[in-house]
Structures are given as structure tokens and as C-alpha cells.
Amino acid sequence: MRGDMLDIRFIREDPDKVKWACEQKGEDVSIDRLLELDERRRELVSEVDSLRAERNRITQRIKEAFASSDKETGCVLREKARKLSDAVKSKNDELKVVEEELNSLLLKVPNIPDGSVQEGKDENDNIVVREWGEKPHFDFEPKDHLQIGAMHNLFDMRRAAKITGAFFPLYRGAGARLERALVNFMLDTHTENGYTEILPPFLSNRASMTGTGQLPKLEEDMYRVEQDDLFLIPTGEVPITNYFREEIIDEDDLPMYFCGYTPCFRREAGSYGKKTKGLIRVHQFDKVELVKFVVPGRSCDELESLVADAERILQLLGLHYRVVRLCTGELSFASAKTYDIEVWAPGMKRYLEVSSCSNFGDFQARRSGIRFRRRGGKPEFVHTLNGSGVATPRLMIALLETAQRRDGSIVLPEPLVKYFGQAKIDG
RNA sequence: GGAGAGGUGCCGGAGUGGUCGAACGGGGCGGUCUCGAAAACCGUUGAACCGUAAGGUUCCCGGGGUUCGAAUCCCCGCCUCUCCGCCA
């Protein structure tokens, strides 16, 4: 359906489409400059190649000359080869400069929205594609998670701020145990459903961050360990997707499904004060991530089932939610198509995004060199997908607010009981 | 952190300045044989870039350097292994 998008060839063939994508996603990249560089690059490559070809021919003759003790010819040729080598070098340096700029521009070109995504500017253009369950009714005024948390001493944001800084969470007692229970419940649910569990490193290097598309754009949004040039992962997507960076996967091994628990670290630069009460927006949160590697033709269907797999968590917990298809303007840099899952938090009286499920097409695979080979064929890029299945803080918010009773106790949904160890939080 | 060893194709493993994109073995693929299979035998089997093509160029962990010429020599980095130290 879609070709080799974001391949330089694709950009060459359909620059308008790429420009449109940049516009839709609000990315400022000069495609014209990029094409200019591309053309210059090809010119230089030809020049360097033919210079080298000639150099190689002479080099061969030098060998022969010396082998037949024709020192004179040998020396003359050697002088000639030396000059050619110098020429190769300077042309090649020129080429490197061009390639460097070309490359850095290329890395800033966003993925192209899939044809099934509606055009739009902001969240008002997102489309609710379905809802599950309904908003619970209370015969009392439901408390929000902060009130509930305070009542049962589940978190302590104030002291967490002392330890680290504002907006770092700290769970305690039943709160900590509930967090742990949720993570385990989700992991078990997904592994029973065919996902292989991964527990990856929580820091990633620059190459990995570039591979999944966090870099270069989001450098400022990530915590960075300067000394080692590593980044704290903003999502489990990064380490899990990069698991296969620079590899050629056997076709028979596809599709591959992985899930993994990781904490996620986000600086959330500039977002203070923006609906950031309590646990809703924090610098560190836990998440179970789902990642798929699939054959190109399958990724559309795989996205639908990925969303369904994430939804299952909320269904099992009996939480009302809706699924939203993001418009072009709301898509992330790397995404071709994204569904958000928003769970209803009765205390906050609003929907909270707990999952974002995306099809990246071959965008990430291309950047990270993740390929597969069909029988007897040439390597091709896989398609990658991922989604949260799901993020805990907001899940916990929705759960606490939904499961509260008039007396302030929390009655846990049945599937969670064996993980939590008891059916109720009270007293 | 200290001392050594090493990173070569899908895998194992040669190669230590030209004739090497790379011996040899295994695997894969195709074929012969067979009722079929195994075995045996024969053939084939890396990737990227430029080019309509013919063809050319590059790649032996990554980056620099020496040289007419580097997988092969030198320097830096990354990674792996062994030993010592330290530590959860």
C-alpha cells in the first residue's frame, strides 16, 4: 500500500506528500534543501567512485610493474596513484559534509500519516471510535484519587519531592502493593495472550533513541546521564524495539510480540501547571508496554489487535473507557496511525489517557535497521508497532475512583484480588 | 578499577600488506538419486550505494591514520572473554 516511506527515494518521488506530512505534524524541515543535498550527494558519489575505480586500476598495474621488475614504470604510476588518492580524499571529504547535513535533515522528517487517519489540527479533531462500559453511578459524591490516597495513605507526593523533586511519585503501603499488583496482573494477562515478557535496561544510548525516533526531536524532554551519554527511557518502547536493532530477522519468526514492564522517565519540560494535579502527570511512572514486529502487509490489522489487547486490561478491571483515533496533527513524530485509550476517572470527572497504540510502519525499522528476509529474497524492513498496555498511575487513579464505596473503602475487581492479596482496601 | 585475549559472512573458523568479498566446515536453498525420506553427490548462497543498463564503488566491530594499495600495520572508541581487586 504505502511504499518505502521516508526512504530518500520516496521523498524524491513524492516530495509533496512529505511536505504535507511535515505540515500536518508541525515539523519544520526543508524538503527542498534535502532534495538538493540528495542530488549533490549522488553527484559526488559518482565522482568519488570513478576516481577510485581508476585508482584501483593503476594500483593493479603498479603491482604488476614491480612484479616484473619494471621499477621505472612502477614509480611513475605510483606518483599518479598518489595524486588520485589525494583527489579521492578531498572529494570524499566534500561528500561527507553533504551526507552529514543530509542525514541530519533526514532524521528530522516525520513519518507520513496513514491514509486512514483523518486530517486535523488538535484534540478536537480526534475521533472517538468506540466506548466500552459506561460511567459508573454513585449514590454519593465520588472522591478523587488524592482524597482517597490521603484517606488510606497510599502515596506521598510531598515527601517524594523532598527526595527527588516535584512530581516524582512515591507509593506506600497498600498503594505500593496495588501498583505492584497492577503491573503483575498486566504482565500475566499479556503473556497468556502470546506476548513474550522482556525486562530491559532502563537507560538507552543515543543510537537506540534515534532508532525509535525520540532523537533528535525530544532530547530536551528526556533525562540524560551526561557522563555516559545515556538517557533514562521515556517509554519501554525504546529498549524493546531496539532489541533487534541492526538485525535481519527470519521470516518464520514473525510476527513477534513482546511485553515488558519498565518505569518511564519524562522531564515534561514546560508542562507544569497544565492539569497536573496529583498522579496525573509525573516525571516517573510505571508502564507495561506492548511491542510488535510484523511483516509489512500485516501492520494495519496488527494495530487493531494491539489496541484490543490493551483494552482487555481495562475490561478485566471493569473500567469504563473510550478509544480515540488521533488526527494527523496529534500524531507523534514517528507514528503513522495512533489510537489512544482513555479511561474514565469518576472522581476527576474526566477521561485520562492510559495508552497510546501506534503503527510506525517501517519508520522505526528503517532508522534502526530492523529487517527480515522472505525465503530467498532480499532483506526488507519490518513494521513495528507498540502501545501501552497500560500506564499505571492513571490506571490506578481510575481504579481507585471507580472502585470506591461510600464508606471510603476500595473494593478491588475480582481479577486483581489474587495479585493484591486481599479484596478490599479500607481502614 | 588493574592485567591479558579477542571482535571476520546465517553459524563455526582460516587469513596478518596486493592475486580476499574473503579458504575450509556446518547450515540454508536448488537439483540428481528414491515409492518417499535419510545418506551421498552436484550446484548455489552476504549487505549497501551510484547507474536505464553495462558496469562501478564501498563494507571483515566503529572512527581516524600510514601506504600506490589494508581484513591484514598504527592510534582512539565500543563490545566480548579470562584473571585480580571492589561492590549490590
Checklist outcome for this item: Beyond 30 Å (Cα-Cα) in this structure, taken from A:217/A:349; A:121/A:292; A:143/A:217; A:17/A:91; A:25/A:91; A:25/A:287, we find A:217/A:349; A:143/A:217; A:17/A:91; A:25/A:91
Item to check | Angle between chain A longest axis and helix A:71-106 axis [Cα atoms, degrees, rounded to 10] | outcome: 30
Item to check | Computed E for residue A:426/residue A:138 - FRET, C-beta separation, R0 22 angstrom, nearest 0.05 | outcome: 0.85
Item to check | J(HN,Hα) series, region A:361-378, from Karplus relation 6.51 cos²θ - 1.76 cosθ + 1.60, nearest Hz, glycine and proline x | outcome: x, 9, 4, 6, 4, 5, 5, 9, x, 9, 10, 9, 10, 7, 2, x, x, 7
Checklist entry - Taking 0.36 nm per residue of separation and subtracting the Cα-Cα distance, what length does fully extending residue A:7 through residue A:315 add? => result 106.9 nm
Next on the checklist: Leaving out ligands and nucleic acids, and using a 1.4 Å probe, what accessible area per residue does chain A come to in Å²?
Outcome noted: 48
Checklist entry - So, with +1 on the Cβ of K and R and -1 on the Cβ of D and E, and no other charges, what is the size of the charge dipole of chain A about its Cα centre, to the nearest 20 debye? => result 840
Checklist entry - Helix A:15-25 versus the longest principal axis of chain A: what angle, 0 to 90°, nearest 10, using Cα atoms? => result 30
Checklist outcome for this item: Plugging the Cβ-Cβ distance of residue A:36 and residue A:227 into 1/(1 + (r/R0)^6) at R0 = 35 Å yields, to the nearest 0.05, a FRET efficiency of 0.35
Item to check | Peptides ranked, highest mean first, by Cβ atoms within 10 Å: ranges A:123-129, A:215-221, A:182-188 | outcome: A:182-188, A:215-221, A:123-129
Item to check | FRET efficiency for residue A:28 and residue A:63, using Cβ-Cβ distance with R0 set to 60 Å, rounded to 0.05 | outcome: 0.70
Item to check | For region A:161-170, 3J(HN,Hα) per residue [Karplus equation, 6.51 cos²θ - 1.76 cosθ + 1.60, θ = phi - 60°, Hz, x = Gly/Pro] | outcome: 5, 5, 5, 10, x, 4, 6, 9, x, 9
Checklist outcome for this item: Of A:9, A:371, ordered by accessible area with the largest first and a 1.4 Å probe, the sequence is A:9, A:371
Checklist entry - Got the relative contact order for region A:195-237 handy, in percent, Cα pairs under 8 Å and 6 or more residues apart? => result 45
Checklist entry - Going from most exposed to least, what order do A:20, A:132, A:344 have by accessible area with a 1.4 Å probe? => result A:132, A:20, A:344
Checklist entry - In a GNM of chain A with a 10 Å cut-off on Cα contacts, which of A:408, A:376, A:318 has the highest mean-square fluctuation? => result A:376
Checklist entry - Cα axis of helix A:31-67 to longest principal axis of chain A: angle in degrees, 0 to 90, nearest 10? => result 40
Checklist entry - Out of A:327, A:212, A:170, whose Cα points farthest toward the positive end of the dipole of chain A (charges: +1 Lys, Arg; -1 Asp, Glu; placed on Cβ)? => result A:170
Checklist outcome for this item: With residue A:170 itself left out, Lys, Arg at +1 and Asp, Glu at -1 over residues whose Cβ is under 10 Å from its Cβ give +3
Checklist entry - With labels modelled as points extended 7 Å from the Cα through the Cβ direction, what inter-label distance (nm, one decimal) is found for residue A:70 paired with residue A:87? => result 2.1
Checklist outcome for this item: Of every hundred units of 1.4 Å-probe accessible area on chain A, the number belonging to carbon and sulfur atoms, as a percent, is 47
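The values are calculated or read from the model by the stated rules, or taken from the named source; none is laboratory data. On a predicted model such as this, the values are computed, not experimentally measured, just so you know. No Cβ is skipped: glycine too gets one built from the backbone with ideal geometry, and neighbour counts run over all protein chains shown. Accessible surface is based on the protein model in full, side chains and every heavy atom, while ligands, DNA and RNA are left aside. Shrake-Rupley method; radii C 1.70, N 1.55, O 1.52, S 1.80 Å.
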